[in-house]
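Report on one structure; see the data block that follows.
Taken together, the values in this text are just the output of simple stated rules run on the coordinates, not laboratory data. This structure is a prediction, so every number in the text was calculated from the model and none was measured. Note that we place each Cβ from the backbone using ideal geometry, even for glycine, and neighbour counts take in every protein chain shown.
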Amino acid sequence: MRLLLVEDDPLLASGLVMALRRAHYTVEHVDNGASAVAALRDNDFDAAVLDLGLPDLDGTRVLEQVRAGGRDVPILILSARDAMRDRVRGLDLGADDYLVKPFELDELLARLRVLMRRHGGRPVNRIERGDLVLDVESLRASWQGKPVELQRLEFMLLKQLAEHPLRVFNRAQLEESLYGWGEGAESNTIDVHVHHLRKKLAPAAIKTVRGVGYRLGDVGV
Ligand code: CA
């Protein structure tokens, strides 16, 4: 699940990025309103966590612009402003939830789970495609009923392919899906991961689409 964090406080942001990654989200972070609007316009996020007090645009303006652009990504406002009128205004402008700082991390995570359930409705804990089973909570994989040891980036790459079994991804798109997992984006990274995955699963499990990239291959569906 891809999450955008919009937060200008560097300490809070870095703590949240770490905590959200530990909770298995792929996180991108921006620290100002203009970048947030652009990121939400140009990318598919599963949800956004939005601070209101930002250096350039107020978070409520970000919300307005995103909704005016027709984006219905779930947005949770995370703000120190706890006056009733601020909450009501945020929700009126199209926020899905509002959490007041300071907050408990567990509460934020719980609310994000609710948001995603309400919106996507797609069960995220387990992906089954033929012989391949991915447990997204524990990052465990199995192939033909046997556990397979995967590096985290291998797991994330395979998850991306398995979530969209008919879609062909180019390398840039796959690199983007790993963005946030702390890997330097070397041009051959994806190919190396694919090579390892084929050895660990089966050569045909990931299909090369010549001149384009990769998609999930023959997994015995
Ligand atoms: Ca702030």
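A few notes on this one:
- Gained length - Arg21 relative to Ala34, 0.36 nm times residue gap less alpha-carbon distance: 2.3 nm
- For the chain, share of DSSP beta bridges that run antiparallel, in % to the nearest 5: 50 percent
- Partners for Lys199 among lysines (Cα-Cα distance below 21 Å; same-chain residues under 8 apart left out): Lys146, Lys159, Lys207
- Stretchable slack from Arg140 to Asp56, in nm (0.36 nm times residue separation minus alpha-carbon distance): 26.1 nm
- Using the Cβ-Cβ distance between Glu107 and Arg210 with R0 set to 45 Å, the FRET efficiency works out to roughly 0.40.
- Length released on extending from Arg167 to Asn125, taking residue separation times 0.36 nm less the Cα-Cα span: 13.1 nm
- Principal axis extents of the C-alpha atoms in the chain (largest first, rounded to whole Å): 58, 33, 31.
- Charge dipole of the range 2-120 (Cα centre as origin; +1 on each Lys and Arg Cβ, -1 on each Asp and Glu Cβ, all else neutral): 340 debye, rounded to the nearest 20.
- Normalised by 2.2 N^0.38 Å, where N counts its residues, the alpha-carbon radius of gyration of the range 1-127 equals 0.97.
- At R0 = 45 Å, FRET efficiency that the Cβ-Cβ distance of Leu11 and Asp218 yields, to 0.05: 0.40
- Relative contact order for the chain: 14 percent, from Cα pairs under 8 Å spaced at least 6 residues apart, divided by residue count.
- Dipole magnitude for the range 10-77: about 140 debye, using +1 per Lys or Arg Cβ and -1 per Asp or Glu Cβ, origin at the Cα centre.
- 5 Å binning of all Cα-Cα separations within the range 126-216, expressed as whole percents from 0 upward: 3, 14, 29, 28, 19, 7, 1
- Charge dipole of the chain about the Cα centre (unit charges at C-beta), most positive-ward option of Leu4, Ala39, Thr26: Thr26
- Helix 10-22 axis, angle to the chain major axis (alpha carbon atoms, nearest 10°): 40 degrees
- Estimated FRET transfer efficiency (Val114, Gln151; beta-carbon r; R0 30 Å; 0.05): 0.45
- In the chain, a dipole from Cβ-located charges (positive for Lys and Arg, negative for Asp and Glu) runs towards its positive end, and of Asn188, Ser79, Pro147 it is Pro147 whose Cα lies farthest in that direction.
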